[in-house]
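Each value in this text was obtained by applying a stated rule to the coordinates, not by laboratory testing. Quick caveat, the model's predicted, so the values are computed rather than measured. Cβ: placed from backbone, ideal geometry, glycine included. Neighbour counts: every protein chain shown.
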Amino acid sequence: MGVSIAREEDPAACRRLLEALTARLPEWFAQPDSNRHYAEQAEVLEGWTAPVEGSARALLLLKTHSAVSAEIYWLAVDPDHHRRGIGQALIAAVEDRLKQDRLKYLFVATLHPDDPYEPYRRTRAFYERLGFECVLSREPLAYYLKPL
């Protein structure tokens, strides 16, 4: 399946999509206070979407930290579209853009590898398949880095 990736320029659209995705993914996003914070950040950070059949089905929020590094601040794919390459396509598009801007590193924080919670085991495996490596562990989080 070819996936089209687009930069979302409308902060309100990013927020609406994030709120819709958090509601559909309670296994990952069950913390109302955190979800409110993420929704606020969706209006500030760079948003990338994956339209499928005319509607955005995924969102990646990107936060640039320095001239050499950026963070996948938030990423979710509609559960009806999991395992179809959408998350991978979002990250590939962001990596291409970051390389053009001469950034050297992309990182993401997720639950620590010792946390047995199954949805986050899948999250860590997803990032590892894409070449991210755990470089720093500070429970409850771990930071995964990918050189660009």
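If you go through segment 130-148 and keep only what is under 20 Å from residue 88 (Cβ atoms), outside any strand (DSSP E or B) and free of Cβ contacts under 8 Å to residues at least 40 places away in the same chain, you end up with 131, 132.
Specify which of the listed residues (80, 115) is of a type outside the set (Lys, Arg), loosely packed, with under 14 Cβ neighbours inside 10 Å and over 15 Å from the mean Cα position of the chain (by Cα). It would help to see each step written out before you state the result.
Details: 115 fails: loosely packed, with under 14 Cβ neighbours inside 10 Å.
Within the list 80, 115, the selection yields 80.
Residues in segment 101-134 that are farther than 20 Å from residue 79 by Cβ and of a type in the set (Ser, Thr, Tyr): 105 only.
Counting only residues that are of a type in the set (D, E, K, R), touching a residue at least 24 places away in the same chain (Cβ under 8 Å) and closer than 18 Å to residue 41 by Cα, segment 51-99 holds 1 of them. Taken over segment 8-27, the criterion of being among the small types (Gly, Ala, Ser) and buried (at least 16 other Cβ atoms within 10 Å of the Cβ) is satisfied by 13, 20.
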